[in-house]
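Each remark here refers to the structure printed beneath this line.
Rule-based calculations on the coordinates, nothing more; no lab input. Please read all numbers here as calculations on a predicted model, not as lab measurements. Positions of Cβ are generated from backbone atoms using ideal geometry, with glycine treated the same way; all protein chains shown enter the neighbour counts.
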Amino acid sequence: MNTSVGNTTRLLLAGLRALLVLTLVCGVIYPLAVTGVAQALFSHKANGSEVSSDGKVVGSELIGQRYDLPLKDGQETADPDLTWFQPRPSNGLGSNSVNTQYKIILSGATNRSGDNQDLIDWVTAAKAAVVKDNSVPGHPVSPDDVPADAVTSSGSGLDPDISPAYAQLQIRRVAERNHLGVDQVTKLVDDHTSGRTLGFIGEPRVNVLQLNIALKELVNAG
């Protein structure tokens, strides 16, 4: 009996020591080491790839955000603020009342097939809106010129980038709304167009947040 109790006690103490050691190594030392390396070598990415403007953080390079007008009485969906370059349609789910700049708190895809009538209706309405919003006197936008990313959300609904084609489609509207020359805004888009990663991964893209920050600076400079 005493031998059995002694063996059990030794096993329990050994298990407790292993628990304490593993907790220290896996729960304290390892996280601190990883955090230290990340902060030392990749601090910008480790801290969320934050983007600052006028001395304050205005967003992340990795998460898209909307550029909308304030809601009017009776409105459930805000109208886009057409002085800015617009992002892809967002498909995030839910909203918050604390930080109203970021309406999206959950992400996800529609998971609807290409022949789903709801999806067809959404894309059709989105294309009509893009054509209407970006047509300026003397330069109407053809529905055939609307790229896919202008009317569909990404898999996460939080894509921060748009295609160069969609950015270029918006140039005349942005120039007119901000009283800028088309050449000025075209150069802005060209300067903020990133190529494929390593030359072959992904597609050329334009980060909407960084483009709009540059647009704001150009407007203020004028």
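Numerical summary
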quantity: Rounded if a/c under 1.5, otherwise prolate or oblate - segment 147-209, Cα gyration tensor axes; calculated: oblate
quantity: Choice from F200, F42, F85 with maximal GNM fluctuation in the chain (Cα, 10 Å cutoff); calculated: F200
quantity: Over segment 143-205, relative contact order from alpha-carbon pairs under 8 Å, at least 6 apart, %; calculated: 28 percent
quantity: Choice from P137, P204, P87 with maximal GNM fluctuation in the chain (Cα, 10 Å cutoff); calculated: P137
quantity: Per-peptide average of other Cβ atoms within 10 Å, ordering 69-76, 170-177, 29-36 highest first; calculated: 170-177, 29-36, 69-76
quantity: Relative contact order (%) - criterion: Cα under 8 Å, at least six apart; region: the chain; calculated: 18 percent
quantity: Size of charge dipole - the chain - debye, nearest 20, with Cβ of Lys, Arg +1 and Asp, Glu -1, no other charges; calculated: 940 debye
quantity: Calculated FRET efficiency for the pair V34/L13, C-beta based, R₀ 41 Å, to 0.05; calculated: 0.85
quantity: Potential lengthening between A148 and S4 on full extension [0.36 nm per residue; Cα-Cα distance subtracted]; calculated: 44.6 nm
quantity: Inter-probe distance in nm under a simple model that places probes 7 Å from Cα toward Cβ, at E176 and S43; calculated: 4.6 nm
quantity: Global geometry of segment 50-221, whether rounded, prolate or oblate, following the gyration tensor of its Cα atoms and the 1.5 cut on a/c; calculated: rounded
quantity: The chain: Lys pairs at Cα distance under 18 angstrom, eight or more positions apart or on different chains; calculated: 4
quantity: Residue order, fewest to most beta carbons within 10 Å, for K127, K187; calculated: K187, K127
quantity: Sum of -39500 (n - 2.57) over DSSP H runs of 4+, divided by residues of the chain (222 nm, nearest 500); calculated: -13000 deg cm²/dmol
